[in-house]
Amino acid sequence: MSISPSLNPHVSVDCVIFGFSNETLRLLLIKRTVPNALTELDDSYYALPGDLVRDNENLDEAAARVLKELTGLTGIFLQQFQAFGDPLRIAKAKDRAWLQGVRQDPDARVITVAYMALIESSKVEIQPGSFSKGAVWLPIGEIPELAFDHNEISEGALMALREKVQIQPIAFELLREKFTMSDLQALYETILQRELDKRNFRRKMLNSGVIAALPEKQHGVSNKPARYYVFNRNLFENSPLGSVNLKMEGSFTLFN
């Protein structure tokens with residue numbers, strides 16, 4: 001397969017797509033399409049969704065295209081977090097064999113720009129593309145060896161996520177539209193990998209103004225029904241510099 005003239009052979013984007021279900025943070029990985037000639041390659045070799053950048057698109061547009069082609073979604077949280085350009089990032093034998101089957105110049109150095117995406121996973125309908133034969137959500141703690149330097153990229157995205165959720169209300173992108181306080185705390189504890197004091201968490205969330213209580217409560221539960229909340233998106237989007245707690249002078253530091 002030769003490279004289309006519309007693709008830049010030296011610049012790519014890779015998307016680290018996070019989802020959250022059953023109190024588990026998950027990563028959406030693709031199973032790469034293996035050319036028929038490469039029978040020695042394991043077709044369960046997973047990778048991050050990505051592609052070379054087209055000559056007529058910028059980096060953000062390329063990442064959004066990759067995301068839409070795989071999930072069918074647009075307008076979701078998608079943010080660039082780091083570039084990766086180690087000269088040896090394509091040195092693994094499996095990767096070189098795969099590149100020889102799909103690239104005109106398999107030795108060309110490729111700099112990739114990584115993006116982090118946050119998705120409410122129940123909305124995703126996987127649409128495998130030309131370089132993938134399928135996709136799967138895997139728990140963060142069960143990620144196998146990935147193609148190229150995608151393990152390093154995934155770890156970088158997780159570090160960025162842990163930093164950002166403490167200063168920006170982006171974790172809500174992983175939840176359903178309405179959620180309980182327990183759902184929200186479980187999400188933060190899963191991302192941060194530590195327990196949070198229940199009273200302190202509740203107080204800070206309510207005082208921040210980032211969530212709004214609904215009159216609706218849980219139904220059909222054996223214990224006391226919990227109240228539902230929604231993310232107060234308008235407050236966040238209309239606040240200076242994206243802050244959500246004006247009483248805290250433009251900061252959203254939930255956890256010290």
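Every number here is computed from the coordinates shown, using simple stated rules; none is lab data. Note that the coordinates shown come from a computational prediction; the quantities given were computed from them, not determined experimentally. Positions of Cβ are generated from backbone atoms using ideal geometry, with glycine treated the same way; all protein chains shown enter the neighbour counts.
Give me the distance in nm between label points sitting 7 Å out from Cα along the Cα-to-Cβ direction at residue 77 and residue 177, one decimal.
1.8
Region 147-212: Rg/Rh from Cα coordinates, Kirkwood Rh?
1.04
Lys and Arg at +1, Asp and Glu at -1: add these up for the other residues within a Cβ distance under 10 Å of residue 76 and post the number.
Overall, the nearby charge balance is 0.
Quote to one decimal, in nm, the extra length available between residue 233 and residue 125 on full extension: 0.36 nm per residue of separation minus the C-alpha distance between them.
That works out to 36.4 nm of additional length.
Nearest 20 debye, what's the magnitude of the dipole of region 53-149 about its Cα centre given +1 on Lys and Arg Cβ and -1 on Asp and Glu Cβ?
220
What ranking do 50-60, 101-111 get when scored by the average of other Cβ atoms within 10 Å per residue, highest first?
50-60, 101-111
With label points built 7 Å along Cα→Cβ from the Cα atoms of residue 224 and residue 111, find their separation and express it in nm.
5.7
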